[in-house]
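**Student:** I'd like to ask you about the structure that follows.
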Amino acid sequence: MPATIRKRKAPSTTTIPSPRKRPAGTQSTFAAARRTVDEQHVNPEASEPSDQLQDALTDSVDDGVNNEPATGDSHVEERLGIVQREFYPPEMGNARCAMYNNNELPRPLQVLNTTIKDTAAARSKIEVGEAVVHWFKRDLRTNDNRALHLASEKAKSRGVPLVCMFIVSPQDYQAHLTSPARVDFELRTLQIMKQDLAEKDIPLYVETRENRKAIPAHIVDLCEKWRAKHIFCNIEYEVDELRRETKMTKMCLERGIDFSAVHDDVVVPPETLTTGQGKQYSVYTPWRRAWVAHVHSNPKILDTYEPPGQNPPSARDKLKDAFEMPIPAAPSNKSLTEEEKTRFSSLWPAGEHEASDRLDRFLDEKVGRYKEARNFPASNSTAMISVHLSSGTLAARTAVRRARDVNSTKKLDGGNEGL
């Protein structure tokens, strides 16, 4: 079950020009852009094209066979807003791709794993401070959250409070083409989480930081403000985020802080499964067989992580500023109208409680006919939990475990074919 796929989401209104006769090679680009816009008001995970989408699509029809713009300084993907040069450099060539694939160059995840291993001894010597921090990112839940559980256990081991935080980054949202609907979903989820955590005297500190590159240093500053010596987070697998975590592991250690980034977003971590030649799988069916066999051989990877426990009563006074920090409004480039907010909150209720309810309804009512009905969208036969998996209000591990538990066998490749 490929759990690393991430969907993005779409804008509010964009008009697509009528298709005309196009040069060879442009049909797929045009169709992809049309699909992006067609998803607009029904899926808070689809990609957001740039404001010049219509003009870019028109240009892609008129520029000629090579699809180059009149200026000659950009490709169609850039004009569609799919590639944003203010955030990303030109793509690597085939030779460099081959070097990564042949293990001649370390991939970003390999660099992070090596950094974690090389710093483990030094980090283990750091004593617990006056608080322990969990950094929420794409894991917006309190149940079955590995890093949050580890942070809570670390705090309890010394009787200090757990502090949770989330940074709203307009530049990160734009760099990942995150739509206003997705941002709205996350902010609504954070409001629910803030209330749930407050019942355990755990603060959720949320603030907006405009400069994405300054976020790591700001997080370290917050840790020092709270006198925290340990910060936990779950790994995100995009290249920029992997490199950020590598940088933070080293930077925090230099400041006397143990930064622990752990695998949680997927059931089987990347780099775990390889072919007989030691390479990444490129064909789905052999990869799926290897994935199922690995889970069967390591059943504990589906075990649940308990939610955080109660903070000491003193946390309310000690971390008063964090408790009083409100959930911010959406950045100006990702805001919705009031009518859109109402509509999306009705279509996609936020939070882990809703995610759990949707999964339960699917397993109770729909799973028996899923195999036959899944290819017919009008039949409403799917679980409708993709937004929850994408934003982390539901762990992939949780979904697999609960599906296994209602199956007629504990084998992931047997029993009810709908599962």
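**Student:** Looking for whichever is closer than 29 Å to Ile231 by Cβ, open to solvent by 80 Å² or more (accessible area, probe 1.4 Å) and part of a helix (DSSP H, G or I) here; the options are Lys117, Lys154. Which one fits? Don't jump to the end; show me each part of the working.
**Tutor:** Numbers: Lys154 fails: open to solvent by 80 Å² or more (accessible area, probe 1.4 Å).
Residue meeting the stated conditions: Lys117.
**Student:** Right, next: Applying the selection to the stretch 274-283, what residues are in contact (Cβ under 8 Å) with a residue 60 or more places away in the chain and surrounded by 10 or more Cβ atoms within 10 Å (Cβ to Cβ)? First the steps, then the outcome.
**Tutor:** Looking only at the stretch 274-283, we keep the residues that are in contact (Cβ under 8 Å) with a residue 60 or more places away in the chain, and these are 278-280.
Result: Lys279, Gln280.
**Student:** Filter the stretch 370-397 for residues that are open to solvent by 10 Å² or more (accessible area, probe 1.4 Å) and polar (S, T, N, Q); which is nearest to the chain's Cα centre (by Cα)?
**Tutor:** Only one residue tops the list, namely Ser386.
**Student:** Right, next: Out of (1) of a type outside the set (Gly, Ala, Ser); (2) without any contact (Cβ under 8 Å) to a residue 24 or more places away in the chain; (3) over 20 Å from Met251 (Cβ atoms), the odd one out for Arg188 is which?
**Tutor:** (2)
**Student:** Among the candidates Thr208, Thr178, Thr189, Thr246, which residue alone is among the hydroxyl-bearing types (Ser, Thr, Tyr) and farther than 21 Å from Gly392 by Cα? Working first, answer last.
**Tutor:** On the way: Thr208 fails: farther than 21 Å from Gly392 by Cα; Thr178 fails: farther than 21 Å from Gly392 by Cα; Thr189 fails: farther than 21 Å from Gly392 by Cα.
Matching residue, one of Thr208, Thr178, Thr189, Thr246: Thr246.
**Student:** Test Tyr305 against the criterion of being modelled with pLDDT of 95 or more and touching a Phe, Trp or Tyr at 6+ places or on another chain (Cβ under 8 Å), and give yes or no.
**Tutor:** Numbers: modelled with pLDDT of 95 or more: yes; touching a Phe, Trp or Tyr at 6+ places or on another chain (Cβ under 8 Å): no.
Criteria not met by Tyr305.
**Student:** Ok, one more. Is the stretch 212-233 home to any residue that is surrounded by fewer than 17 Cβ atoms within 10 Å (Cβ to Cβ), farther than 21 Å from Cys252 by Cβ and charged (D, E, K, R)?
**Tutor:** No; the residues of the stretch 212-233 include none that is surrounded by fewer than 17 Cβ atoms within 10 Å (Cβ to Cβ), farther than 21 Å from Cys252 by Cβ and charged (D, E, K, R).
**Student:** Answer yes if at least one residue in the stretch 157-164 is of a type in the set (Ser, Thr, Tyr), open to solvent by 10 Å² or more (accessible area, probe 1.4 Å) and assigned to a helix (DSSP H, G or I), and no otherwise. Don't jump to the end; show me each part of the working.
**Tutor:** So the first thing to find is which residues in the stretch 157-164 are of a type in the set (Ser, Thr, Tyr), and the list is 157.
So of that shortlist, the ones also open to solvent by 10 Å² or more (accessible area, probe 1.4 Å) come out as 157.
Narrowing the set further to residues that are assigned to a helix (DSSP H, G or I) leaves 157.
Yes, the stretch 157-164 contains a residue that is of a type in the set (Ser, Thr, Tyr), open to solvent by 10 Å² or more (accessible area, probe 1.4 Å) and assigned to a helix (DSSP H, G or I).
**Student:** Something else: Residue pairs, Cβ under 8 Å, 6 or more apart or interchain, first in the stretch 78-100 and over 22 Å from Lys213 (Cα atoms) and in contact (Cβ under 8 Å) with a residue 12 or more places away in the chain, second small (Gly, Ala, Ser) and in a loop (DSSP other than H, G, I, E, B). List them.
**Tutor:** So the pair list comes out as Arg79/Ser50; Leu80/Ser50.
**Student:** Can you find, within the stretch 330-369, the residue that is least open to solvent (accessible area, probe 1.4 Å) among those that are assigned to a helix (DSSP H, G or I) and of a type in the set (Phe, Trp, Tyr)?
**Tutor:** Restricting attention to the stretch 330-369, the residues satisfying the condition of being assigned to a helix (DSSP H, G or I) are 332-334, 338-347, 352-369.
Among the residues that remain, those that are also of a type in the set (Phe, Trp, Tyr) are: 344, 362.
Working: Phe344: 8, Phe362: 24 Å².
Within the stretch 330-369, the match that is least open to solvent (accessible area, probe 1.4 Å) is Phe344.
**Student:** What single numbered condition from (1) open to solvent by 10 Å² or more (accessible area, probe 1.4 Å); (2) in a helix (DSSP H, G or I) fails to hold for Tyr205?
**Tutor:** So the condition that Tyr205 fails would be (2).
The values are calculated or read from the model by the stated rules, or taken from the named source; none is laboratory data. Source: prediction; values computed, not measured. As a convention, Cβ positions derive from the backbone with ideal geometry for all residues, glycine included, and neighbour counts pool all protein chains shown. We work out accessible area using only protein heavy atoms, side chains counted, and drop any ligands, DNA or RNA first. Shrake-Rupley method; radii C 1.70, N 1.55, O 1.52, S 1.80 Å.
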